[in-house]
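**Student:** Take this structure first; my questions come after.
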Amino acid sequence: TEYKKSLAMRLKVYGTEKPHPSVAGSYNNIGSLYYSMGKYPEALTEYKKSLAMRLKVYGTEKPHPSVATTYHSIGSVYDSM
């Protein structure tokens, strides 16, 4: 998919050593695609990658909207399963 191409490009640009919000966004977009296709286990996997990266980027001490959005997306997957 185009989202996977975007992820690959972002990983080349930002690398894999340090988490980056754009890479987390790509994982989230892929999760959304799988969710819309009804592929819930795959969506959950991608959302969890996004969440893990966003927590590393933004931390857990102070709430961040991107982290909240990802938690919401994970909840939607569980609700649909």
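The values are calculated or read from the model by the stated rules, or taken from the named source; none is laboratory data. Small disclaimer: the values here were computed from a predicted structure and weren't measured. Note: ideal-geometry Cβ built from the backbone for every residue, glycine included; neighbour counts use all protein chains shown. Accessible surface areas use protein heavy atoms only, side chains included; no ligands, DNA or RNA. Shrake-Rupley method; radii C 1.70, N 1.55, O 1.52, S 1.80 Å.
**Student:** Residues K56, K5, K12: which one is touching a residue at least 24 places away in the same chain (Cβ under 8 Å), in a helix (DSSP H, G or I) and open to solvent by 50 Å² or more (accessible area, probe 1.4 Å)? Explain how you work it out, then say what you get.
**Tutor:** Numbers: K5 fails: touching a residue at least 24 places away in the same chain (Cβ under 8 Å); K12 fails: touching a residue at least 24 places away in the same chain (Cβ under 8 Å).
From the options K56, K5, K12, the qualifying one is K56.
**Student:** Being within 13 Å of V77 (Cβ to Cβ) and in a loop (DSSP other than H, G, I, E, B) is the filter here; which residues of the stretch 15-53 pass it?
**Tutor:** Correct list: M37, G38, K39.
**Student:** Take G75 and tell me if it is at pLDDT 95 or above and part of a loop (DSSP other than H, G, I, E, B).
**Tutor:** On the way: at pLDDT 95 or above: yes; part of a loop (DSSP other than H, G, I, E, B): no.
Here the answer is no, as G75 does not meet what is asked.
**Student:** Of everything in the stretch 60-71, what is free of Cβ contacts under 8 Å to residues at least 12 places away in the same chain and surrounded by 11 or more Cβ atoms within 10 Å (Cβ to Cβ)? Give them in sequence order. Can you show your working first?
**Tutor:** If we filter the stretch 60-71 for residues that are free of Cβ contacts under 8 Å to residues at least 12 places away in the same chain, which is where we start, we get 60-65, 68.
The answer is H64, A68.
**Student:** Another question about this same structure. Taking the stretch 24-42 as the region of interest, how many residues are more than 9 Å from the chain's Cα centre (by Cα) and buried (at least 16 other Cβ atoms within 10 Å of the Cβ)? Step through it out loud before you land on a result.
**Tutor:** Quick first cut of the stretch 24-42, residues more than 9 Å from the chain's Cα centre (by Cα) only: 33-42.
Narrowing further to those that are buried (at least 16 other Cβ atoms within 10 Å of the Cβ): 33-35, 40, 42.
Going through the stretch 24-42 one residue at a time, the tally reaches 5.
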